[in-house]
Amino acid sequence: MAASCDLLDVDPLELQFPFVLYKQISCPLRLTNRTDSTVAFKVKTTSPRKYCVRPNNGVVPPRSSCTVVVTMQAQKVVPPDLQCKDKFLVQSAIVSDGLSAKDITSQMFVKERGNVVEEVKLKVAYLMPPEPQSEIAEEHDGLERILVPMQRNVDDGSSDSASLRSAEEVGSPVGRIVKSEEFLKAAGPALETKVYPRPAEQSNQLSAIIAKLTEEKNSALEQNRKLRDELELVRREASKQQGSFSLVLLIAIGLLCIILGYLVNK
């Protein structure tokens, strides 16, 4: 969609960038002069550090066009919901014939100086990048490389009842798919499958784990009980030894007192 003005037609009115992290992305901007005069232009943006505009100013001869390339610098963060509030402004004014881009000044686009200046505002939109066709082709080729050896095994007679149905028959958008367990068995090493346990097997495994944990818990409790019994036995032995020591000490003190009393009386 283009904006038709008296001086310059600007196309598009929305700069669209397929957003890719760590990659510069460019978007062309077409300026068309439909007058018989030379028109100067200047491109401004609300985020000058984020975008590079080449050329950001210049002149468009009468009845001719000019292409401006707007390049978004490589981004490191994806904005929320790919929303962008950046804006661009394209200013245009009639100038004298024979002027070049280096003769353009900011004073030419000041309306207060009596200049006829037109302004066109542009929006910026981020788009999801399209999926490369090469990746789709590689994925399809890889699936075909897997399925071809499997089909050969079936054709050699490894399984008479194995079947391979086309993507159109089962509604799949990619190549061919396998719909028979016998075919998987016949394929042998051509395809590695992961077998998940059935609910009954899962229940048995869970019961075995619970039984093992219960056994370990009972063993730990038994060891704890034995340690408590040994600790109690040690305490009792210590108490007995302390009691006998106190008795011996009392007897020794009594004998000492008797001896001292005898010596004093004598």
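Listing for the model above:
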item	result
Selection count where residues are over 13 Å from residue 101 (Cβ atoms) and either among the aromatic types (Phe, Trp, Tyr) or part of a strand (DSSP E or B) (or both), scope segment 54-72	6
Residues of segment 75-96 classified as loosely packed, with under 11 Cβ neighbours inside 10 Å and either in contact with a Phe, Trp or Tyr (Cβ under 9 Å, 6 or more places away or on another chain) or more than 14 Å from residue 50 (Cβ to Cβ) (or both), total	5
Residue check for residue 17: open to solvent by less than 20 Å² (accessible area, probe 1.4 Å), at pLDDT 95 or above and farther than 23 Å from residue 101 by Cβ	yes
Segment 29-45, subset open to solvent by 80 Å² or more (accessible area, probe 1.4 Å) and either in contact (Cβ under 8 Å) with a residue 40 or more places away in the chain or in a loop (DSSP other than H, G, I, E, B) (or both), residue nearest to residue 56 (Cα to Cα)	44
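The values are calculated or read from the model by the stated rules, or taken from the named source; none is laboratory data. Not measured: the values here are computed from a predicted model. For neighbour counting, all protein chains shown are included, and Cβ atoms are generated from backbone atoms with ideal geometry for every residue, glycine included. Protein only, heavy atoms only, side chains kept; ligands, DNA and RNA dropped before computing areas. Shrake-Rupley method; radii C 1.70, N 1.55, O 1.52, S 1.80 Å.
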